[in-house]
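First the structure, in the form of structure tokens, and then the observations on it.
Coordinate-derived values only; no laboratory data. Since we're looking at a predicted model, the values are computed, not measured. FYI the Cβ positions are ideal-geometry reconstructions off the backbone, even for glycines, and counts take in every protein chain you see.
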Amino acid sequence: MKQIAVASWYFDRGDMEMCEFCKKIAMNGYEYMKKRYDGGDFICRDVKDGFGLFIDTGDSGCPGYIKINYCPMCGRKLVEE
């Protein structure tokens with residue numbers, strides 16, 4: 001099975017290419033805070049739980065966050081290397 005390496009994490013889904021949402025994962029605290037400031041939904045790496053989806057609800061007092069194992073756009077499994 002083909003594996004595509006990205007930093008110290010990889011996404012394993014055969015020969016399926018990463019979507020734009022997968023390519024923009026916040027891998028550290030700096031990237032996470034930059035994406036929070038810019039607004040919008042994004043995937044972030046959570047050191048304790050793997051990956052999570054941050055959801056910008058438009059209400060600054062009530063953002064959403066959910067633990068995920070698959071990209072919500074293309075269905076690619078997000079896996080630790």
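Tabulated results
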{"read-out": "3J(HN,Hα) from dihedral phi, the stretch 35-44, Karplus parametrisation 6.51/-1.76/1.60, rounded to Hz, x for glycine, proline", "value": "5, 4, 5, 5, x, x, 8, 7, 8, 10"}
{"read-out": "Residue-span extension gain [Ile68 to Phe21] - 0.36 nm each, minus C-alpha spacing", "value": "15.6 nm"}
{"read-out": "Farthest positive-ward along the stretch 31-81 dipole, Cα basis, beta-carbon charges - from Leu53, Cys74, Gly40", "value": "Cys74"}
{"read-out": "5 angstrom amide H check on Tyr70, placed H, neighbours 5+ away", "value": "Leu78"}
{"read-out": "Hits among lysines - C-alpha to C-alpha of Lys34 under 29 Å, sequence gap 8 or more where chains match", "value": "Lys23, Lys24, Lys48, Lys67, Lys77"}
{"read-out": "Spacing of the two label points (7 Å from each Cα toward its C-beta) at Glu31 and Ile55, in nm", "value": "2.3 nm"}
